[in-house]
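Remarks on the structure that follows.
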Amino acid sequence: MNYFTQALAWIADPENLHGDGGLLARSWEQIWYTLLAVLVASVIAIPLGYLVGHTGRGRGLVVATSGAARALPTLGVVTLVGLIFGIGLFAPMVALVLLAVPSVLAGAYAGVEAIDPRTKDAARSMGMSEWQVLTKVEIPLGLPLLIGGLRSATLQVVATATLAAYVGAGGLGRFLFLGLKTQDYPQMLAAALLVMVIALILEGAYELAERQAAQRLRTH
Amino acid sequence: MTWVLANLQLIGSRTVSHLLLAVPAIVLSFVLALPLGWIANRFRWSRATLLSAAGLLYAIPSLPLFVVLPTILGFGVRDRLNVIVALTLYGIALMVRSAADALASVGAPVVLSSTALGYSAASRFFQVELPLAGPVLLAGLRVVAVSTISLVTVSSLLGVDNLGLLFVDGFQRGILAEVLTGIVATVLLALIVDGLLVLLGRLLMPWTAVRR
């Protein structure tokens, strides 16, 4: 536990905390990298997931590509894109989006898929158009599973976003790679602890969102 | 392609070391997650506690875990055991939920009737619950296997020998083919192991293939 107390002391040191490359600034970078990656992944995966879930077509393809995407080593994608497009934020962002897409896709598609077909038929027999079935029935009912998908995507991305620093971007990974080079274990542990704290905060936010979504379903 | 042909031996030896890290971790996480999943279902307090602990474990970034773990366990940072332990922890984090869900998917009437038939708790677990939970367990194990094989590559940042060293080396020396080879080899390895697991499932659970 010696390293642990040293890590806490390292975090508490005002010299490490503030400034351009300080812990607070890096934590903020870590958070917005995560949110941006999940946002971009959502823009790609949610419409696709709804399309597959609503029409029932391309289901096998989605499952297969999600499986293959899970096998894709993030470090490999980061270094590959980094070599082609140069160092900076673009390479890790591509890798993080690829990491987030399968979970979001699964959440969007499973949420629509899991709805009782009779519910959808009832909506159609009330005269709803396909678009109305999607927007007024499938999307609201599928919301809890979609949030679950976003949640696991966010959790994976927030931990993996530390690799961004390997190709010159920011985030808490900076302290990890610096600590690795100088064998400064307390510094690495401090960064790891902060990533976990950020993950916990994001988890808490999702927990609230999931409860809200479940509650809305019940009262309507 | 010329890079691949010129370095076949290197790729081969890194693939072997990759498997030597991944396979023990996959097996260990399955064996350890099973009783944890059982405990998660057994008591009222345990499910939420174990599952959220598993979720948190998964949120630890892998790179610092690879570095910090040896300071706790007393291995060297480049010790292969260290990597296996870290990968096993991640595997358990993923597998506990599947194991709990799999065992919960066995219907209460089945459990009750096998108790009525005279199965003891232990033989009921091994002869009734475990086989019936098999398909869901297999689905979880496949996820663990694929993500473990992909995660092994992160340990190459510490200099541990595996396919990930192709990324590190290729990136530092600017050899695109090497990085690409590393990615393709890792994905192929994951898909092959995944396929083998599916075959193993067919072999051990012939009834799942028949039903379809």
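Any chance you could check the Cα centroid distance between segment A:171-196 and segment A:49-84 for me, in angstrom? So the separation of the two Cα centres works out to 30 Å. Under the convention that each Lys and Arg Cβ holds +1 and each Asp and Glu Cβ holds -1, the size of the dipole of the protein assembly as shown around its Cα centre is about 1120 debye.
With the cut-off at 1.5 for a/c, could you classify chain A from its C-alpha gyration tensor as rounded, prolate or oblate?
prolate
Ordered by the number of other Cβ atoms lying within 10 Å of each residue's own Cβ, fewest first, B:Ser120, B:Ser98, A:Ser27 fall into the sequence B:Ser120, A:Ser27, B:Ser98. In a reduced charge model with +1 at each Lys and Arg Cβ and -1 at each Asp and Glu Cβ, segment B:154-212 shows a dipole moment near 440 debye about its Cα centre.
Would you mind pulling out the separation of the Cα centroids of segment A:109-150 and segment B:76-153, in Å? Centre-to-centre (Cα) distance: 32 Å. Close amide-amide hydrogen proximity is noted between B:Asp161 and no other residue 5 or more places distant or on a separate chain, at a cut-off under 5 Å (H modeled in the peptide plane; Pro and chain starts excluded).
I need the shape label for segment A:22-126. Rule: rounded when a/c is under 1.5, else prolate if a/b > b/c, else oblate, with a, b, c from the alpha carbon gyration tensor. The shape class here is prolate. Taking a ≥ b ≥ c as the square roots of the eigenvalues of the Cα gyration tensor, segment B:18-162 is prolate, since a/c reaches 1.5 or more and a/b is larger than b/c.
Kyte-Doolittle mean at least 1.0 and Cα extent at least 18 Å along the axis: which DSSP H helices of chain A qualify? Long hydrophobic helices here: A:23-55, A:90-113, A:139-160. Loop-located trypsin sites (Lys or Arg not before Pro) across segment A:56-144 with a Cβ neighbour count of 16 or fewer within 10 Å are A:Arg57, with loop assigned by DSSP. Its Cα centre serving as origin, segment B:18-162 has a Cβ charge dipole (Lys and Arg +1, Asp and Glu -1) of approximately 240 debye. Relative to the dominant Cα principal axis of chain B, helix B:176-204 is inclined by about 20°.
Taken together, the values in this text are just the output of simple stated rules run on the coordinates, not laboratory data. Quick caveat: nothing in here was measured; it's all calculated off a predicted structure. Because the Cβ atoms are built from the backbone with ideal geometry, glycine has one as well, and the counts that use them run over all protein chains shown.
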